[in-house]
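What follows is a set of notes on a single structure, which appears directly below.
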Number of protein chains: 2
Amino acid sequence: MSSTPRFFVTTDALQGDLVTLPREDAHHARSVLRLRAGEAIVVHDGTGMAHTAALVEVTATQVTARLVASEPVQTEPRTHVVVAQALPKNADKLEQVLQHGTEAGAAGFAVFPAARSVARLDGDKIDKRMDRWRGIVKGAAEQSRRGVLPDVSWHPASRELLARAADFDAILVFHEGATGSLRDTLALLPPGAARLMVLVGPEGGFADAEVAGFEATGAILVSLGPRVLRTETAALVGLAQILFARE
Amino acid sequence: MSSTPRFFVTTDALQGDLVTLPREDAHHARSVLRLRAGEAIVVHDGTGMAHTAALVEVTATQVTARLVASEPVQTEPRTHVVVAQALPKNADKLEQVLQHGTEAGAAGFAVFPAARSVARLDGDKIDKRMDRWRGIVKGAAEQSRRGVLPDVSWHPASRELLARAADFDAILVFHEGATGSLRDTLALLPPGAARLMVLVGPEGGFADAEVAGFEATGAILVSLGPRVLRTETAALVGLAQILFARE
């Protein structure tokens, strides 16, 4: 339950028993957290290992630390759930999904424009937005002590999402008009189904043609119950309930 | 699945087969929703009944409608969960808890300053803030088609919350250091335990002395799992999981 600062790095940041934090983390470590040489940090390498390290050098552009101990992180859920979130009207709602979904245990996020998504993201805005989204996920993963950094991807059309179907044991579509409950749907999945993708619609829900397309690829429509949930609430409630049911 | 506008009223707004919306709803109906005489609305009276009504008169200060049909609302969870949320630093987080918690099915909200709550609310600010909080809950209840309007209360100290313990079958405290999981805790409650209160700490969690006080009154410490959840995430994840487990 220590509050030692945590950083996610890529494995190439580890060289022998030294770890070098990337430039943006160096600024954060020095100027925001005010860390100094000798203090301890925990470095997560994204493969599920956490390394306790002692700071060797802290400058405005580089932070180096020496690894002291390594142990597997025990915070990852057994079920791998990717949240495919339709672009909501309000950018803040997507950020809530990324933030809260990372804490709750999402394996990754796939953002896509649905038929009824009011907001649009053009080519040159995507990169900037993706940087911001990945930063939010990284910060949330560090705070919540995730062992693996959830991936964030952008799909310009929902059919590209469905092209990833082979990577998953099941694709669930949260849909207000569905007759099957989440509980019943989960009970019908094979016990070994450990890789799930959940599709969450935009404010106006999925369009009929979209839903038909999802069903045609074998996705399962699921109701989250009789109350109407906003898009950002649906993502978190569904994720929390799946992880609760399957852990 | 109709998107007919919904309004929560108190039972005294119903007189025979006529219903009168309060002044603030009249403005919303006329100027925002642009409703006109003859159109349909659904009125929830807060006792679990929904009344379909045809608008008779719509002015800037008053809306009158004639009841056409009444039926019980089927959206209420069987388990009554009051979310007792410690005042967070950022007012926006509390509003997320109220908004999303209402959609997810909270029976009510009790807001209180915990030992580590950074924000403070003084006497003269409370009334204004309560009005705002109740407005958020009312709007969320209308959108999510709740049958009952969740109550919002303010408790100047956590001991006042615990004075309400006799109204509940169990009080659960979401606490990072707890050893019992939510699943195990729920499994140990009597099957008839239908009235629960959950206590959610502020950003820094509950203080040790506070936790000891909760335990002394019979509250049960519960862990929401190995990942560290922000206060607003903990409230929604815990509520969603309790309602999933018990419905």
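The values are calculated or read from the model by the stated rules, or taken from the named source; none is laboratory data. The model shown is predicted, which means the values in this text are computed figures rather than measured ones. When we count neighbours, we look across all protein chains shown, and the Cβ atoms used for this are built from the backbone with ideal geometry, even at glycine. These area figures cover heavy atoms from the full protein model, side chains too; ligands, DNA and RNA do not enter into them. Shrake-Rupley method; radii C 1.70, N 1.55, O 1.52, S 1.80 Å.
Within the range A:196-209, not a single residue is at pLDDT below 95, within 30 Å of B:Ser181 (Cα to Cα) and within 12 Å of chain B (Cβ to nearest Cβ).
The numbered conditions (1) away from chain B (no Cβ under 12 Å); (2) open to solvent by 40 Å² or more (accessible area, probe 1.4 Å); (3) over 16 Å from A:Pro77 (Cα atoms) are all true for A:Ala170 except (2). Filtered by the rule that a residue be more than 14 Å from every other protein chain (Cβ to nearest Cβ), buried (at least 19 other Cβ atoms within 10 Å of the Cβ) and hydrophobic (A, V, I, L, M, F, W, C), the range B:144-167 gives B:Val152, B:Leu161, B:Leu162. Note on the range B:224-245: residues that are out of contact with any Lys or Arg (no Cβ under 6 Å at 6 or more places or on another chain), aliphatic (A, V, I, L, M) and within 13 Å of A:Gly101 (Cα to Cα) amount to 4. Among the listed residues B:Val81, B:Val63, B:Val73, identify the single one that is under 30 Å from B:Leu189 (Cβ atoms) and surrounded by 22 or more Cβ atoms within 10 Å (Cβ to Cβ). Being under 30 Å from B:Leu189 (Cβ atoms) and surrounded by 22 or more Cβ atoms within 10 Å (Cβ to Cβ) holds for just one of B:Val81, B:Val63, B:Val73, which is B:Val81.
Condition first: touching a residue at least 12 places away in the same chain (Cβ under 8 Å) and either part of a helix (DSSP H, G or I) or within 14 Å of chain A (Cβ to nearest Cβ) (or both). Now tell me which residues in the range B:183-195 satisfy that. Across the range B:183-195, the qualifying residues are B:Arg183, B:Thr185, B:Leu186. When the range B:60-95 is filtered for residues that are of a type in the set (Gly, Ala, Ser) and over 20 Å from the mean Cα position of the chain (by Cα), the ones remaining, listed by number, are B:Ala60, B:Ala65, B:Ala69, B:Ser70. Number of residues in the range A:12-21 that are open to solvent by less than 80 Å² (accessible area, probe 1.4 Å) and free of Cβ contacts under 8 Å to residues at least 40 places away in the same chain: the value is 2. Scanning the range A:107-143 for residues that are open to solvent by 90 Å² or more (accessible area, probe 1.4 Å), within 14 Å of chain B (Cβ to nearest Cβ) and more than 16 Å from A:Lys89 (Cα to Cα) returns a single hit, A:Gln143. In the range B:214-247, what count of residues is obtained for those that are open to solvent by less than 30 Å² (accessible area, probe 1.4 Å), more than 14 Å from every other protein chain (Cβ to nearest Cβ) and not in a loop (DSSP other than H, G, I, E, B)? The number of residues fulfilling the criteria is 1. Close Cβ contacts (under 7 Å, 6 or more residues apart or on different chains) running from residues in the range B:22-45 that are modelled with pLDDT of 90 or more to residues that are among the hydroxyl-bearing types (Ser, Thr, Tyr) and surrounded by 16 or more Cβ atoms within 10 Å (Cβ to Cβ) comprise B:Ala40/B:Thr52; B:Val42/B:Thr52. Scanning the range A:190-220 for residues that are in contact with a Leu (Cβ under 8 Å, 6 or more places away or on another chain) and closer than 26 Å to B:Ile242 by Cβ returns A:Leu196, A:Met197, A:Val198, A:Leu199, A:Ile220.
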